[in-house]
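Engineer: The structure under discussion is supplied below as structure tokens; questions concerning it will follow.
The values are calculated or read from the model by the stated rules, or taken from the named source; none is laboratory data. Note that the coordinates shown come from a computational prediction; the quantities given were computed from them, not determined experimentally. Methodologically, a virtual Cβ is constructed for each residue, glycine included, from the backbone with ideal geometry; neighbour enumeration extends over all protein chains shown. Surface accessibility is based on the protein's heavy atoms, side chains included, excluding ligands, DNA and RNA. Shrake-Rupley method; radii C 1.70, N 1.55, O 1.52, S 1.80 Å.
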Amino acid sequence: MIDAHVHVFAKVSEEFPREVNVNTPPEREATAEQLLETMEASGVEKAILTQIGGVEMVQHAYLLRCLKEYPDRFRGIGLVADPQHPEDQMDRLTGDGGIVGFRLFKIGGERDPLAPIDVRTFETYPIWKYAAEKDYVIWLYPPAAENHCVPYLMEAFPDLTVVYNHMAFCPGEGSFTHDEKGRPHIESPIPPVTRYNTLGQYLFPNVCVKLSGQYAFSKEPYPYPDLAAWHQTLLKNFKADRLMWATDSPWILEDPGYDNLTKVIDTQLPEISEVERTSIMGGTAEARLFSRG
Amino acid sequence: MAGPTAEERAFWEENGYLRFDLAIAGEDLVRLKNAFDRAASACKEDWLEGIATGTKPAAHFDIPNPLERDDVFIDLIDYPVWFPYLQDFADDEVILLGPQVRTLPAQPISYVGWHPDVPHTTPLHMKVQIYIEDVQANGGAFGFVPGSHKPDAGPCPKPRPLEAMPNYKVFPGKAGDAILFNSYGWHTSMVNETGVPRKSIILIYEKWSEGKVSSDRYASISDRLTTPERRRLFSLEPMRG
């Protein structure tokens, strides 16, 4: 199995500087070694480490250390500090081969869907363009206000690999809070209203969706039955070879627990074949992410 | 008001649609376009805010409560070009389920795949799609599979892409053209490659059945629904005495 979206971070130090917030206070750590131990207990072999703690090069220090230390177990997703001039940072971060893509939380595009749309005017266009040139992955978690911009970018860069985060939910403004356990919580309709601009992207063969973050969007406890129909819809549209299971560790270690999440796909998609399950639980990530770098 | 000819009825039964070229023209069309644009302008900020908060879709802009905004929208519901056909096909017992006054952004993908609206267990369900501006074949035009409304058509295939659907027909049209279709049939909105948003109005009707529409659904406009025929059409009064 491959866990396609986790976070690791060290305590704040001179060696590993990072931003802090309510989930990541200075003394908190979620180390690669702790993660590996948890993964191994549940039979998970590999993971995608997603940068947390800042966009600057220096704030990637712990992520880069983990990728260097465990090249057979991890690949990484970085962040970009300057969307207008991203090339140098993207190349430096991918230089050692561990980082294979970059996460975007916004597009910087036209917010009025009825206005003329020119992707070259989007704030993050240079990132998309350079990712397409260098075959880097775009790790996408766009706001609801901008999801309609994505198909235009895919039309411009049809070969680019794009992985929608967290079941392709696109958070609305004001929807992000923390639950009573301190975990991220996003208030959103289920299924997301943004689906009308997402599901048709099956036409682009490298648009993938990560099946993760159920805890943050569901209105019910594990195993999150209110999300089952949405999982089915994603499977029907994108097929298993474009879906990737992930846990979003460490936010889920207490509730519902890492091992429970290794079984969440079995409850969300009980009818899938063994071949489909193998793809979702790691085959897709192996083919599309671990084959890089 | 004239209903279908024998030839039109046979075409409807065989194909599941009828097309009315320039169904609305002249002053009626001008009045309709003006009302559409006025209502869209008044509602657009709310729509954009809804998109940003993740509560309204960016893929289509529907004007809320259009019947309350302008009588021109009420007059469409029993417009004499198509309404006699609806009445005829529904055995004089047609009711309004609702209107969609809709602008579709131009997008590289369609917001919806091929689908029927209802199963055959639902009473006869019909829609009238009216183009407000000219719509090219590659401008988000209505697509329909003739004959797919029949009970023996089987489940709707899900071809990828939309153009892979066998035997489908695309309906480019002029402003004021209208297409009446049986919503058991498989239909979609084709991809809009023109860069120009598509403006249309979709009227949704069904053959009456007990309790389908509550009598207060259109109570807010009851003062404008004064004839017995209209009051039955809008479910303000019982269909059967």
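Engineer: If you build a Gaussian network model of chain A, linking Cα atoms that sit under 10 Å apart, which residue out of A:268, A:201, A:34 swings the most?
Structural biologist: For chain A, modelled as a Gaussian network with Cα springs under 10 Å, the answer is A:34.
Engineer: Where the centre of each part is set by its Cα atoms, how far does region A:174-193 sit from region A:65-88, in angstrom?
Structural biologist: Comparing the Cα centres of region A:174-193 and region A:65-88, I get a distance of 27 Å.
Engineer: Provide the per-residue ³J(HN,Hα) series for region A:50-56, in order, calculated from phi with Karplus coefficients 6.51, -1.76, 1.60 and θ = phi - 60°, each as a whole number of Hz, with x at glycine and proline positions.
Structural biologist: My calculation for region A:50-56 gives 9, 3, 9, x, x, 9, 6 Hz in order.
Engineer: Roughly speaking, what is the centre-to-centre gap between region B:119-177 and region B:63-81 when only Cα atoms are used, to the nearest Å?
Structural biologist: 23
Engineer: Would you check the accessible area of residue B:216, probe 1.4 Å, heavy atoms only, in square angstrom rounded to 10?
Structural biologist: Accessible area, nearest 10 Å²: 100 Å².
Engineer: Moving on. Can you list the residues of region A:156-174 whose accessible area drops by at least 40 Å² going from the chain on its own to the full set of protein chains, with a 1.4 Å probe?
Structural biologist: For region A:156-174, once contacts with the other chains are taken into account, A:173 lose 40 Å² or more.
Engineer: Over chain B, what is the mean sequence separation of C-alpha contacts under 8 Å (at least six apart), divided by residue count, expressed as relative contact order in percent?
Structural biologist: 29
Engineer: Per residue of region B:178-190, in order, report the coupling 6.51 cos²θ - 1.76 cosθ + 1.60 (Karplus, θ = phi - 60°) as ³J(HN,Hα) in whole Hz, putting x for Gly and Pro.
Structural biologist: Result, ordered by residue: 9, 10, 9, 9, 7, 7, 5, x, 7, 8, 7, 10, 5 Hz.
Engineer: Would you mind counting up the charge near residue B:189? Only other residues with Cβ under 11 Å from its Cβ, with Lys and Arg at +1 and Asp and Glu at -1.
Structural biologist: Residues close to residue B:189 contribute a combined charge of +2.
Engineer: Let me ask you something else. Given H placed on each backbone N at 1.01 Å, which residues far from residue A:164 in sequence or on other chains put an amide H within less than 5 Å of it?
Structural biologist: Excluding prolines and chain starts, which carry no amide H, the hits are A:140, A:208, A:209, A:210.
Engineer: Follow-up. State in Å² the accessible area per residue of chain A; use a 1.4 Å probe, count heavy atoms of protein chains only, and round to the nearest integer.
Structural biologist: Spelled out: the 1.4 Å probe surface of chain A, per residue, equals 39 Å².
Engineer: Let me ask something additional. Hey, in the GNM for chain B with a 10 angstrom Cα cutoff, which one of B:141, B:219, B:106 fluctuates hardest?
Structural biologist: Maximum among the listed residues: B:219.
Engineer: Whole-Hz Karplus ³J(HN,Hα) for region A:71-82, in order, using 6.51 cos²θ - 1.76 cosθ + 1.60 and θ = phi - 60°, x for Gly and Pro?
Structural biologist: x, 8, 10, 10, 10, x, 10, x, 10, 10, 7, 10
Engineer: Given H placed on each backbone N at 1.01 Å, which residues far from residue B:193 in sequence or on other chains put an amide H within less than 5 Å of it?
Structural biologist: B:139, B:140
Engineer: Sort B:168, A:202 by heavy-atom solvent-accessible area, probe 1.4 angstrom, most to least.
Structural biologist: Descending order: B:168, A:202.
Engineer: Ok, one more. Sort largest first and round to whole Å: the equivalent ellipsoid semi-axes of region A:41-109, each the square root of five times a Cα gyration tensor eigenvalue.
Structural biologist: After scaling each eigenvalue by five and taking roots: 23, 13, 10 Å.
Engineer: List the accessible area buried at the contact between A and B, summed over both sides and calculated with a 1.4 Å probe, in Å² to the nearest 100.
Structural biologist: Result for this pair: about 2100 Å² buried.
Engineer: Which net charge results for the neighbourhood of residue A:42, defined as the other residues with beta-carbon distances under 11 angstrom from its beta-carbon, given Lys and Arg at +1 and Asp and Glu at -1?
Structural biologist: After counting each charged neighbour, the total is -4.
Engineer: Using only DSSP helix segments of four residues or longer, with each worth -39500 (n - 2.57), what per-residue ellipticity at 222 nm results for chain A after dividing by its residue count and rounding to 500?
Structural biologist: That comes out to -6500 deg cm²/dmol.
Engineer: Can I ask one more? Express in Å², to the nearest 10, the accessible area of residue B:221 obtained by rolling a 1.4 Å probe over the protein heavy atoms while all chains stay in place.
Structural biologist: Estimated to the nearest 10 Å², residue B:221 gives 0 Å².
Engineer: Semi-axes of region B:108-241's equivalent ellipsoid from the Cα gyration tensor, sqrt of 5 times each eigenvalue, largest first, rounded to whole Å?
Structural biologist: 31, 20, 11
Engineer: Also, quick follow-up: Would you kindly find the accessible area of residue A:35, with a 1.4 Å probe and non-protein molecules such as ligands, DNA and RNA excluded, rounding to the nearest 10 Å²?
Structural biologist: The value for residue A:35 is about 10 Å².
Engineer: If I build a Gaussian network model for chain A, linking alpha-carbon pairs within less than 10 angstrom, which residue out of A:36, A:253, A:114 has the largest mean-square fluctuation?
Structural biologist: Judging by the Gaussian network model, the answer is A:114.
Engineer: For every helix of n ≥ 4 consecutive DSSP H residues, a contribution of -39,500 (n - 2.57) applies; sum these over chain B, divide by its total residues, and give [θ] at 222 nm rounded to the nearest 500 deg cm²/dmol.
Structural biologist: Value at 222 nm, helices only, nearest 500: -7000 deg cm²/dmol.
Engineer: Could you list which residues have their amide H under 5 Å from that of residue B:187, counting only those 5 or more apart in sequence or on another chain, with H placed in the peptide plane?
Structural biologist: Hits under the 5 Å cutoff: B:115.
Engineer: Here's a follow-up. Could you rank B:226, A:177 by how accessible they are, 1.4 Å probe, largest area first?
Structural biologist: B:226, A:177
Engineer: What are the principal axis extents of the Cα atoms in the protein assembly as shown, in Å, biggest first?
Structural biologist: 83, 44, 43
Engineer: Between the alpha-carbon centers of region B:185-199 and region A:235-293, tell me the distance in whole angstrom.
Structural biologist: 34
Engineer: Separate question: Normalised by the residues of region A:140-259, what does the relative contact order come to in percent, with Cα pairs under 8 Å and at least six apart?
Structural biologist: Averaging sequence separation for qualifying contacts and normalising by length gives 27 percent for region A:140-259.
Engineer: Work out, in µm²/s and without decimals, the Stokes-Einstein translational diffusion coefficient of region B:6-233 at 10 °C, 1.306 mPa s, Rh from Kirkwood over C-alpha pairs.
Structural biologist: In µm²/s, the coefficient is 87.
Engineer: On each of the three principal axes of the Cα atoms of chain A, give max minus min coordinate, whole Å, ordered largest first.
Structural biologist: Sorted largest first, the three principal extents are 50, 46, 36 Å.
Engineer: Hey, another quick one. So what is the relative contact order for region A:2-290, in percent, with contacts set as C-alpha pairs under 8 Å and at least six apart?
Structural biologist: Worked out over region A:2-290, it gives 17 percent.
Engineer: Could you please report the charge total around residue B:24, scoring K, R as +1 and D, E as -1 over all other residues with beta-carbon less than 14 angstrom from its beta-carbon?
Structural biologist: That works out to -3.
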